[in-house]
Amino acid sequence: DGNLSKCSGMTATLNATNCANGSVAWNTGQNGTSIVVAVNNAFQYRAKCVNATCESEYSSPIQFTCPTDVITTTSFAPATTCTNDTVSVAFTTSGYGFSGSTSYKVQLALGTGAFADITTIGNTSPLLAIIPANTTPASTYKLRVVSTNPAVIGSTSSNNLTVVAAPT
């Protein structure tokens with residue numbers, strides 16, 4: 001079906017052309033100009049043309065690749081917030097692993113420090129993230145979105161988040 005980005009277990013339709021005066025035999029054991037296969041990313045699919053007396057060499061291989069699951073943290077707002085306030089964090093996903101059972105969380109890090117989960121509301125973009133009350137005021141925080149099922153660490157926000165102390 002032309003899409004070579006498929007993961008093992010998915011189905012694909014393979015088509016062979018230019019086999020006049022013969023029949024198409026596949027290295028899967030199937031025959032015909034069009035076959036449906038359960039994708040195996042480790043397998044190279046090939047076809048050859050066979051008639052009563054001759055057969056061609058196998059075709060160039062067709063191999064499917066499973067794209068990597070990716071989360072891109074695209075934006076957040078506002079750019080400056082108080083502790084205990086919420087930030088809206090937008091993200092996109094690509095790949096075949098994400099589904100309705102995927103859970104997402106926002107993580108926060110100061111500068112180049114370690115990321116930590118923060119309270120996250122929602123499960124679709126944009127997520128609402130609550131800046132913890134004990135967050136030290138600074139202008140170099142970064143955000144990212146992570147997921148479970150599949151476990152993917154998203155890209156780090158390109159802009160800094162500024163956190164100021166909540167008024168008392």
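Overview of results
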{"read-out": "Projected-area mean, segment 117-168, by convex hull of Cα positions, square nanometres", "value": "4.3 nm²"}
{"read-out": "Hull volume in cubic angstrom per residue (convex hull over the Cα atoms of the chain)", "value": "124 Å³"}
{"read-out": "Amide N of segment 114-137 lying under 14 Å from the label point, which is placed 7 angstrom from the Cα of residue 164 along Cα→Cβ", "value": "137"}
{"read-out": "Extension reserve of the residue 128-residue 33 stretch, reckoned as 0.36 nm per residue once the Cα distance is removed", "value": "29.1 nm"}
{"read-out": "Accessible area expressed per residue, segment 51-129, with surrounding protein chains retained (probe 1.4 Å, Å²)", "value": "56 Å²"}
{"read-out": "Cβ-isolated cysteines (cut-off 4.7 Å), the chain", "value": "54, 82"}
{"read-out": "Fraction of accessible area attributable to carbon and sulfur, segment 1-112 (%, probe 1.4 Å)", "value": "50 percent"}
{"read-out": "Stokes-Einstein diffusion coefficient of segment 57-153, Kirkwood radius over Cα pairs, 20 °C, 1.002 mPa s, in µm²/s", "value": "144 µm²/s"}
{"read-out": "Dipole moment magnitude, nearest 20 debye, the chain about Cα centre, only Lys, Arg, Asp, Glu C-beta charged", "value": "100 debye"}
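The values are calculated or read from the model by the stated rules, or taken from the named source; none is laboratory data. Owing to the predicted nature of the structure, the values given are computational and were not obtained by experimental measurement. Backbone-built Cβ (ideal geometry, glycine too); neighbour counts: all protein chains shown. Please note that ligands, DNA and RNA were not included when accessible areas were found on the heavy atoms of the full protein model with its side chains. Shrake-Rupley method; radii C 1.70, N 1.55, O 1.52, S 1.80 Å.
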